[in-house]
Structure formats: C-alpha cells, structure tokens
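The values are calculated or read from the model by the stated rules, or taken from the named source; none is laboratory data. Predicted, not measured: the structure shown is a model, and the values here were computed from it. We place every Cβ from the backbone using ideal geometry, glycine too, and count neighbours over all the protein chains shown. Side chains are part of the model used for accessible areas, which takes the heavy atoms of the whole protein and leaves out ligands, DNA and RNA. Shrake-Rupley method; radii C 1.70, N 1.55, O 1.52, S 1.80 Å.
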Amino acid sequence: MFENRKVGWIECICGSMFSGKSEELLRRIKRGIIAKQNVLLFKPSIDDRYSLDKVSTHNGNSYESISISSADEIYKFINNKKYDIIGIDEVQFFDSNILKVINKLADDGIRVIVAGLDMDFKGEPFYPMPEIMAISEIVTKLHAVCSVCGNEASISQRLINGEPASYNDPVVVIGASESYEARCRHCHKVKL
Ligand code: ZN
C-alpha cells in the first residue's frame, strides 16, 4: 500500500517583521542538514546581481545563501543535482513567476520552504504572498509581540521620524529616520 507515494511539497512561513520567520526557516533547514539532506537556500538580491550571501536572523543565526534577482535563476543553481530541500527567504520580493517555479520544484520531489512578509506596512496583503499561501501544503503564520500593548502582533508598523508613516509616503523618505516595529491591529496606525 502507498508504495507510489512521492515526496515534494511547499511549506510557507509568513508573518510580520520580528515574528521569527527567518529563524523558523533556518531551524527547518538545519534539521534537514542534520538528516544529511542536500539543502540550497536563496534570497532576493537587492542589486540585480547574484552573489553568495547568508540569511541572518535577529538572534544572530545565519546560513549561507545565494542571492538571485529572478526566481528562474533557481533552476540554474540546481543544475541536475539532486536537492532535498530548497529554502527561499524574503519570498515576497519576487514577482508572481515564483509561483510557477516553486510548484515545479515541489512537483519534482523537492521540499520547498519559503518565508516572507504577508502584509506591508499599510496592513495590506503583500503580493505574491497570498497566492503562495494558497498553493502551499503547509502554512505557518508567526506573530511578533506588539510593541505598544503586548498583544500578538501581525502587522509591521512603519515609523518616519518616530511618527506613523502616511499611506502614500515613498519607499525612501530623503533625510528622514525610518524604523519599523511590530504591532497588533488595534495599535497599528497609518496616516491618511
Ligand atoms: Zn497592540
């Protein structure tokens, strides 16, 4: 019975900033390594060039990773070698082509583990995370602690010069000091 059972699926770790997504991704990756599995870890590059890098967590954990500018580059690095686990951090920064890529990897028998922000600082879905969550077999939503009231926090609060950012503020505000903290829905604020 079940002798034709195949491996390969998608696990999605999501949540706000400071919820421990990268920490959980690395925990699963390291368990794979202990089990002598072949593991490859990717993250999006910030400057359109791929490079060797590492995924680091707020707790100081890190593991070597490859920075890529498009999801298709993953195939190039696999290059006919057999991998058991492919991890992708900050997966919300890839375009929707990532859906096709991770579906194919899972179809080919690979355990795919992705981690990413499910909402932006406005509290709106961070695409393509909603689609990634939909096609994943396993979705884990992590929470941070609200820096105002101590509730479970699900949203990343953007602050500019210590004040809640406006809905239409540019990605980079010249000359301003920008920071983020985790907040619950009741303490999260967006200026209109
Ligand atoms: Zn709160």
Original post:
Does the range 129-161 hold any residues that are within 11 Å of F18 (Cα to Cα) and more than 19 Å from the chain's Cα centre (by Cα), and which are they?
Top reply: C146, S147
**OP:** Report the residue count in the range 173-188 for those that are open to solvent by 100 Å² or more (accessible area, probe 1.4 Å) and under 24 Å from the mean Cα position of the chain (by Cα).
**Re:** 1
Original post:
Only one of these conditions is not met by E24: (1) part of a helix (DSSP H, G or I); (2) free of Cβ contacts under 8 Å to residues at least 40 places away in the same chain; (3) within 15 Å of the chain's Cα centre (by Cα). Which number is it?
Top reply: (2)
**OP:** Scan the range 1-22 for residues that are within 15 Å of I88 (Cα to Cα) and open to solvent by 50 Å² or more (accessible area, probe 1.4 Å) and report the count.
**Re:** 1
Subject >> Enumeration of residues in the range 55-96 that are loosely packed, with under 14 Cβ neighbours inside 10 Å and either in contact (Cβ under 8 Å) with a residue 40 or more places away in the chain or closer than 25 Å to S16 by Cβ (or both) >> reply: H58, N59, G60, S62, K81, K82, D95, S96
**OP:** Tell me which of these P164 doesn't satisfy, since it passes every other one: (1) under 17 Å from F18 (Cα atoms); (2) within 16 Å of the ligand (Cβ to nearest atom).
**Re:** (1)
Subject >> Subset of the range 77-99 (residues that are part of a helix (DSSP H, G or I) and over 15 Å from Y127 (Cβ atoms)) >> reply: F77, I78
